[in-house]
Amino acid sequence: MVSSRLSIILMGISLAAAAVYGQESAPDAGRGDRMLAAYFAEETARLAERCLADVDSIEDWEANKDEYRRQLLEMLSLHPLPERSDLKATITGRIERDDIIVENLHFQSRPGLYVTGNLYLPRERQGRIPAILYVCGHGGVKKDGVSYGNKASYQHHGVWFARHGYACLMIDTLQLGEIEGIHHGTYRYGMWWWANRGYTPAGVEAWNCIRALDYLESREEIDPERFGVTGRSGGGAYSWWIAALDDRIKAAVPVAGITDLENHVVDGCVEGHCDCMYFVNTYGWDYPLVAALVAPRPLMIGNSDADRIFPLDGVQRTYEKARRIYELHGAADKITLNITPGPHKDTPELRVPAFRWFDKHLMGIEREIEDFSEKPFAPEELKVFKELPADQRNTTAHEWFVPAAAPPEPPKTAAEWAATRDAWRRALDEKVFRAWPGEPEPLDVAEVFSAERDGVRLSAYDFTSQGPVRLRIYLAQPAGLDRPERLFIDVDGESTWSRFVSAMRVGFEEQLQGETLPDPEPQAWAAEVESFRKARDAFAHVVPRGIGPSAWTRDEKENVHTRRRFLLLGQSLESAQIWDIRRAIQALRTIDRVKDAPMMLVGDREGTDVLALYASLYEPGLASVGVQLTSPSHRERPVLLNVSRYLELPQVLALAAERSPVALRTSTIDDWADALDTARALGWPAGQLEIKAISTPD
């Protein structure tokens with residue numbers, strides 16, 4: 001049996017690298033970046049091609065529309081819809097001018113979730129009047145540490161509407177309101193667990209818009225059959241959410257708030273946006289589907305021709321796909337695209353056509369329109385709260401808006417376990433790993449080299465994991481051992497991969513010349529040679545994409561946005577890496593000299609332990625799984641869409657142990673009590689689930 005020291009030395013690997021990966025190639029640090037770019041382009045094109053492709057007639061649309069809306073609600077953290085609790089609407093101040101009245105108010109969209117706003121009303125009015133919900137972009141106003149909300153920045157819109165016969169409710173956002181919550185969870189604060197929870201602040205903004213319409217319906221001055229919505233930038237995005245979700249919106253003018261996945265993912269526009277701009281893309285949507293959900297209600301899409309974060313080509317593609325759905329409704333005249341010169345900015349050329357659009361579709365009139373950009377009110381006049389409410393939950397909305405899964409009761413019978421297990425598996429298949437290929441392409445396993453030195457045989461095999469992601473397995477074993485007794489599949493992180501290659505390059509410099517190699521370690525190589533003299537096992541060294549030879553840029557900021565790109569595609573880096581591990585196991589089963597050996601899957605303490613555990617759920621026939629985990633929670637890693645809405649790691653451990661014997665090393669055994677209780681309740685044999693403290697000697 002190979003020494004534990006050898007296992008540590010060899011824990012490092014490579015499922016290496018790029019779409020172009022040749023034995024004779026010179027070291028190329030950029031191949032991982034090229035592989036990644038090709039992957040993002042291919043996946044984006046796949047989702048774009050699929051978007052609305054199943055809709056060829058109005059009958060197709062009507063058959064799918066309700067399910068589309070349900071999916072959007074779910075991806076905005078709103079399915080099932082929260083309870084419509086008492087708004088507790090309160091007017092805290094009133095401003096009167098010659099022609100308009102402004103009310104400062106707040107309501108609670110959920111208990112403790114305060115929405116601050118200003119309601120602009122014409123002083124003179126006859127009968128009920130139409131109302132515009134104006135949702136604000138990222139234009140916060142702050143003085144001496146006091147936030148006055150972004151409603152103060154966009155007040156000129158409310159003034160114009162009130163002066164022209166509309167009511168206009170302008171509401172603050174979660175991030176930039178008088179109570180300052182968080183929009184920038186992932187890239188500013190490293191809160192990647194938002195994706196695990198299925199949380200996005202876009203959902204909070206969408207819900208606040210829904211409740212804002214509830215409030216407007218309660219006002220006797222307002223006609224509930226004539227609601228419109230508009231806003232720009234972030235407000236443009238929120239305009240899309242509420243217009244797509246709520247038929248009470250009769251006309252919409254989102255401005256600079258939407259473009260397609262090609263712009264966001266391939267062209268990199270994600271780097272200019274915060275998390276409030278995105279839903280959790282569980283169902284693999286492209287953005288024209290959001291626009292299509294507004295049909296056949298009047299929709300004007302506003303954008304500037306030099307907007308860097310909403311480029312014109314993507315806006316045009318979004319419009320064209322949405323227009324086709326309007327045409328199926330016989331309502332092509334109800335959708336228009338207003339493109340104006342300029343950058344990402346609030347301009348008269350964008351505002352005036354929006355005013356005309358609402359006049360036409362909510363008032364049924366045409367009139368001369370003059371732009372109005374003056375901001376007549378000091379921010380202090382528009383402030384709602386003198387003191388912020390002690391019971392506010394805005395600043396912690398990300399913690400509670402989407403509940404985590406409650407710890408389950410351990411099953412008492414096999415039938416109970418089967419029902420629970422099957423529900424968890426469905427959740428993983430449909431909500432977490434939905435983006436995995438439904439029909440995997442051929443592995444195309446090819447031997448790259450096989451060489452011997454000092455009693456050690458090292459071979460390399462390339463295989464296709466997914467599209468342009470072609471990776472490499474290294475297989476190390478004693479020379480002359482044709483049929484190993486066991487095959488250890490080590491899934492390694494960056495430093496263990498480096499240690500493995502440092503040792504192996506001493507003996508196999510020529511074969512490894514295509515790698516970006518660390519310095520050789522002769523002492524590690526000597527230890528390898530000594531250990532293999534007694535070994536009867538083989539070791540497969542596997543690194544998923546983004547690690548070792550397939551690593552991409554080391555720039556920390558860029559890597560943050562790389563992670564976000566995966567999320568926009570309905571994936572995560574970790575879910576893709578789990579797929580890579582699965583494909584590596586499948587590839588090893590095609591290699592004659594090891595395919596019949598019992599396979600022992602081993603994770604690395606750098607984070608691949610959890611990935612290996614998840615991979616074992618989908619690859620049958622593993623002889624054992626060995627992992628070391630310190631935390632039972634998905635709070636930090638891995639990032640897997642929606643997973644914490646359904647189960648946590650103790651439940652994953654139980655699922656894995658039912659399929660293959662699992663040995664877990666951990667710091668606190670009690671953290672895994674749920675899995676142990678399941679094993680006892682079901683009478684699993686000794687050794688099926690073994691949990692030991694890290695300090696326990698082997």
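The values are calculated or read from the model by the stated rules, or taken from the named source; none is laboratory data. Worth saying up front: this structure is predicted, and the values here are computed from it rather than measured. Every residue, glycine as well, gets a Cβ built from its backbone with ideal geometry; the counts of neighbours run over all protein chains shown. Accessible surface is based on the protein model in full, side chains and every heavy atom, while ligands, DNA and RNA are left aside. Shrake-Rupley method; radii C 1.70, N 1.55, O 1.52, S 1.80 Å.
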Next on the checklist: Looking at VAL384, VAL402 in this structure, which one is out of contact with any Leu (no Cβ under 7 Å at 6 or more places or on another chain), not acidic (Asp, Glu) and not in a helix (DSSP H, G or I)?
Outcome noted: VAL402
Checklist entry - Can you tell me how many residues in the range 140-162 are open to solvent by 10 Å² or more (accessible area, probe 1.4 Å), among the hydrophobic types (A, V, I, L, M, F, W, C) and more than 23 Å from ASP391 (Cα to Cα)? => result 1
Item to check | Criterion (free of Cβ contacts under 8 Å to residues at least 60 places away in the same chain, open to solvent by 80 Å² or more (accessible area, probe 1.4 Å) and not in a helix (DSSP H, G or I)) met by exactly one of GLU370, GLU349 | outcome: GLU370
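Please tell me if PHE488 is of a type outside the set (Gly, Ala, Ser), open to solvent by less than 10 Å² (accessible area, probe 1.4 Å) and at pLDDT 90 or above. Spell out the reasoning first.
Numbers: of a type outside the set (Gly, Ala, Ser): yes; open to solvent by less than 10 Å² (accessible area, probe 1.4 Å): no; at pLDDT 90 or above: yes.
No; evaluated as a whole, the condition is false for this residue.
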Checklist outcome for this item: Flagged in the range 102-126 as open to solvent by 10 Å² or more (accessible area, probe 1.4 Å), touching a residue at least 24 places away in the same chain (Cβ under 8 Å) and more than 20 Å from ARG211 (Cβ to Cβ), in numbering order, are ARG123, GLU124, ARG125
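When you look at GLY165, is it within 26 Å of TRP357 (Cβ to Cβ), open to solvent by 10 Å² or more (accessible area, probe 1.4 Å) and among the small types (Gly, Ala, Ser), yes or no? Don't jump to the end; show me each part of the working.
Values: within 26 Å of TRP357 (Cβ to Cβ): yes; open to solvent by 10 Å² or more (accessible area, probe 1.4 Å): yes; among the small types (Gly, Ala, Ser): yes.
Against the criterion (within 26 Å of TRP357 (Cβ to Cβ), open to solvent by 10 Å² or more (accessible area, probe 1.4 Å) and among the small types (Gly, Ala, Ser)), GLY165 qualifies.
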Checklist entry - Pick from the range 458-505 the residues that are touching a Pro at 6+ places or on another chain (Cβ under 7 Å) and of a type in the set (Lys, Arg): which of them is nearest to GLU606 (Cα to Cα)? => result ARG472
Checklist entry - So which of GLY137, GLY185 is closer than 20 Å to CYS276 by Cα, open to solvent by less than 10 Å² (accessible area, probe 1.4 Å), in contact with an Asp or Glu (Cβ under 6 Å, 6 or more places away or on another chain) and touching a residue at least 24 places away in the same chain (Cβ under 8 Å)? => result GLY185
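Here is a yes/no grid of residues against (1) at pLDDT 95 or above; (2) over 15 Å from GLY234 (Cβ atoms); (3) in contact with a Gly (Cβ under 6 Å, 6 or more places away or on another chain); (4) open to solvent by less than 20 Å² (accessible area, probe 1.4 Å):
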residue	(1), (2), (3), (4)
VAL270	yes, no, no, yes
LEU289	yes, yes, no, yes
MET300	yes, yes, no, yes
ASP305	yes, yes, no, no
Checklist entry - Restricting to the range 627-676, what's the tally of residues that are assigned to a helix (DSSP H, G or I), open to solvent by less than 50 Å² (accessible area, probe 1.4 Å) and in contact with a strand residue (DSSP E or B) (Cβ under 7 Å, 6 or more places away or on another chain)? => result 6
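Consider ALA623 carefully, then state whether it is buried (at least 24 other Cβ atoms within 10 Å of the Cβ) and either in contact with a strand residue (DSSP E or B) (Cβ under 8 Å, 6 or more places away or on another chain) or modelled with pLDDT of 95 or more (or both). Outline the logic, then answer.
Values: buried (at least 24 other Cβ atoms within 10 Å of the Cβ): no; either in contact with a strand residue (DSSP E or B) (Cβ under 8 Å, 6 or more places away or on another chain) or modelled with pLDDT of 95 or more (or both): yes.
In short, no.
Does GLN571 qualify as being part of a loop (DSSP other than H, G, I, E, B), open to solvent by less than 20 Å² (accessible area, probe 1.4 Å) and of a type in the set (S, T, N, Q)? Talk me through it step by step, then tell me what you get.
Details: part of a loop (DSSP other than H, G, I, E, B): yes; open to solvent by less than 20 Å² (accessible area, probe 1.4 Å): yes; of a type in the set (S, T, N, Q): yes.
Judged against the criteria, GLN571 is a match.
Hey, among ARG505, ARG563, ARG499, which residue is over 30 Å from VAL270 (Cβ atoms), out of contact with any strand residue (DSSP E or B) (no Cβ under 7 Å at 6 or more places or on another chain), in a helix (DSSP H, G or I) and open to solvent by less than 60 Å² (accessible area, probe 1.4 Å)?
ARG505
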Checklist entry - Has the range 544-556 got at least one residue that is outside any helix (DSSP H, G or I), under 27 Å from LEU647 (Cα atoms), of a type outside the set (D, E, K, R) and more than 23 Å from the chain's Cα centre (by Cα)? => result no
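Looking only at the range 188-200, count how many residues are among the hydroxyl-bearing types (Ser, Thr, Tyr) and free of Cβ contacts under 8 Å to residues at least 60 places away in the same chain. It would help to see each step written out before you state the result.
First pass over the range 188-200, keeping only residues among the hydroxyl-bearing types (Ser, Thr, Tyr): 189, 199-200.
So of that shortlist, the ones also free of Cβ contacts under 8 Å to residues at least 60 places away in the same chain come out as 189.
The qualifying residues number 1.
Taking the range 83-101 as the search range and keeping residues that are in contact (Cβ under 8 Å) with a residue 60 or more places away in the chain and not in a strand (DSSP E or B), which one is nearest to LYS375 (Cα to Cα)?
Let us first name the residues in the range 83-101 that are in contact (Cβ under 8 Å) with a residue 60 or more places away in the chain, namely 84, 87, 89, 92-93, 95, 97, 99-101.
Subset that is not in a strand (DSSP E or B): 84, 87, 89, 97, 99.
Working: ARG84: 34, LEU87: 29, ALA89: 26, ARG97: 13, ASP99: 15 Å.
For the range 83-101, the residue satisfying everything is ARG97.
Considering only the range 46-82, how many residues are closer than 21 Å to TYR646 by Cα and either acidic (Asp, Glu) or part of a loop (DSSP other than H, G, I, E, B) (or both)? Step through it out loud before you land on a result.
The initial filter retains those residues of the range 46-82 that are closer than 21 Å to TYR646 by Cα, namely 70-82.
With the extra rule that they be either acidic (Asp, Glu) or part of a loop (DSSP other than H, G, I, E, B) (or both), the set shrinks to 74, 76-82.
Residues in the range 46-82 being closer than 21 Å to TYR646 by Cα and either acidic (Asp, Glu) or part of a loop (DSSP other than H, G, I, E, B) (or both): 8 in total.
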Next on the checklist: Restricting to the range 238-287, and then to whatever is closer than 28 Å to ASP359 by Cβ and part of a helix (DSSP H, G or I), can you tell me which residue is farthest from the chain's Cα centre (by Cα)?
Outcome noted: ALA243
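Can you tell me how many residues in the range 140-152 are of a type in the set (D, E, K, R) and free of Cβ contacts under 8 Å to residues at least 12 places away in the same chain?
Going through the range 140-152, the residues of a type in the set (D, E, K, R) turn out to be 142-144, 151.
Among the residues that remain, those that are also free of Cβ contacts under 8 Å to residues at least 12 places away in the same chain are: 142, 144.
Residues meeting the conditions: 2.
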Next on the checklist: When the residues of the range 173-182 are narrowed to those that are aliphatic (A, V, I, L, M), touching a residue at least 60 places away in the same chain (Cβ under 8 Å) and touching a His at 6+ places or on another chain (Cβ under 7 Å), which ends up most open to solvent (accessible area, probe 1.4 Å)?
Outcome noted: ILE182
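Would you check if ASP555 is more than 26 Å from ARG486 (Cα to Cα), free of Cβ contacts under 8 Å to residues at least 40 places away in the same chain and open to solvent by 10 Å² or more (accessible area, probe 1.4 Å)? Full working, then the answer.
Working: more than 26 Å from ARG486 (Cα to Cα): yes; free of Cβ contacts under 8 Å to residues at least 40 places away in the same chain: yes; open to solvent by 10 Å² or more (accessible area, probe 1.4 Å): yes.
Yes; evaluated as a whole, the condition is true for this residue.
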Checklist entry - Among the candidates ARG434, ARG470, ARG421, which residue alone is touching a residue at least 40 places away in the same chain (Cβ under 8 Å), in a strand (DSSP E or B) and closer than 27 Å to GLN577 by Cβ? => result ARG470
Next on the checklist: I'm trying to understand the selection: among the residues of the range 231-247, which are out of contact with any Gly (no Cβ under 8 Å at 6 or more places or on another chain) and buried (at least 19 other Cβ atoms within 10 Å of the Cβ)?
Outcome noted: TRP241, ILE242, ALA243, ALA244, LEU245
Checklist entry - (1) touching an Asp or Glu at 6+ places or on another chain (Cβ under 9 Å); (2) of a type outside the set (S, T, N, Q); (3) surrounded by 14 or more Cβ atoms within 10 Å (Cβ to Cβ): which one isn't true of PRO341, the others all being true? => result (3)
Checklist entry - When you scan the range 677-692, how many residues do you find that are out of contact with any Ser or Thr (no Cβ under 7 Å at 6 or more places or on another chain), over 18 Å from ALA415 (Cα atoms) and open to solvent by less than 40 Å² (accessible area, probe 1.4 Å)? => result 2
